[in-house]
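Read through the structure below, which is laid out as structure tokens, and then see the notes.
The values are calculated or read from the model by the stated rules, or taken from the named source; none is laboratory data. Remember, it's a predicted structure, so these values are computed and weren't measured experimentally. Neighbour counts are summed over all protein chains in view; Cβ atoms, including those assigned to glycine, are modelled from backbone coordinates with ideal geometry.
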Amino acid sequence: MMMVLAIAVAFLLAGCTVTQGISLSSDGNGECGIQLDTSDYFKSLIVDLTSFDKQVANKGKDPDTIILDNSIGTLWSSIGNSSASSYVNFYRTPAPEKSYIGTIRFTDLDKLIADLGSKASRKDIDSLFSMTSNSITIRIGMDNYHVLSELIPFLKEENFEAYGPVYNHGYSEADYLEMMDFILGDSTSENIKNSEIDISFSVPGSIVATNGTMTSSDTVSFSIPLIKLLLLNDDIQMTVSWK
């Protein structure tokens, strides 16, 4: 689900692990589970990405907790405010593990996405996410990235937007990674190269077509390298249909 991609960028820049599973039932109900695991490098990076005025305002508080608790909390509140969500729970485990674990149960995935993107037109949302009774397609490209930003305002925060496709589309992967090492430290490029977002869909039927990897007759997984999302030099597409 697109909302996860925004959070994932922040975590994966720090070499964290993102795992998500989405299950759909024939009556339109479903559940999304996500786990985000942080790394030791994460805390220092978040300090670097947090503006000076926010650091001063939150002096003495844990910086990675502040910025991510606030950003993730705001997103999860928006999900909870949708009439299409029936259960929303997200919590952070204590240090040193510092994992974020979330569960969303919904009655209508398409409506949930539309509610989150209430400022975008239906046509724009459909260019990003389309769903029928037996198919789902997600396509992210430069032509609809602004829609993703409307769905998830977190993507427009200046300290994160600077590392995404709005400013870096067109860079080669090698040039971008070299720049990131210069800005954020020598281990950043390795973290990015080794990072991906893993998403699995369990659908209410037998899969007949997909561009992902089938792990069973009704489940497909997609692995999105982080660098592809940060540059968007090519569209990212996930599609699955079933009968």
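Values for this structure:
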{"quantity": "The range 185-201: number of residues that are hydroxyl-bearing (Ser, Thr, Tyr) and surrounded by fewer than 20 Cβ atoms within 10 Å (Cβ to Cβ)", "calculated": "2"}
{"quantity": "Some residue of the range 211-234 being over 25 Å from residue 149 (Cα atoms) and either assigned to a helix (DSSP H, G or I) or touching a Leu at 6+ places or on another chain (Cβ under 8 Å) (or both)", "calculated": "no"}
{"quantity": "Some residue of the range 185-204 being aliphatic (A, V, I, L, M), within 19 Å of residue 233 (Cα to Cα) and modelled with pLDDT of 85 or more", "calculated": "no"}
{"quantity": "Residue, nearest to residue 172 (Cα to Cα), within the range 206-220, restricted to residues that are of a type outside the set (Asp, Glu) and either surrounded by 16 or more Cβ atoms within 10 Å (Cβ to Cβ) or touching a residue at least 60 places away in the same chain (Cβ under 8 Å) (or both)", "calculated": "212"}
{"quantity": "Any hit, the range 163-182, residues being modelled with pLDDT under 85 and either buried (at least 17 other Cβ atoms within 10 Å of the Cβ) or not basic (Lys, Arg) (or both)", "calculated": "yes"}
{"quantity": "Of residues in the range 102-130 being closer than 18 Å to residue 86 by Cβ and surrounded by fewer than 20 Cβ atoms within 10 Å (Cβ to Cβ), the one nearest to the chain's Cα centre (by Cα)", "calculated": "103"}
{"quantity": "Matching residues, the range 118-146, being farther than 24 Å from residue 26 by Cβ, touching a helix residue (DSSP H, G or I) at 6+ places or on another chain (Cβ under 8 Å) and modelled with pLDDT under 85", "calculated": "119, 120, 122, 124"}
{"quantity": "Filtered residues of the range 133-189 (kept if closer than 18 Å to residue 224 by Cβ and assigned to a strand (DSSP E or B))", "calculated": "136, 137, 138, 139, 140"}
{"quantity": "Per-region count, the range 222-243, residues under 15 Å from the mean Cα position of the chain (by Cα) and either farther than 28 Å from residue 179 by Cα or surrounded by fewer than 16 Cβ atoms within 10 Å (Cβ to Cβ) (or both)", "calculated": "3"}
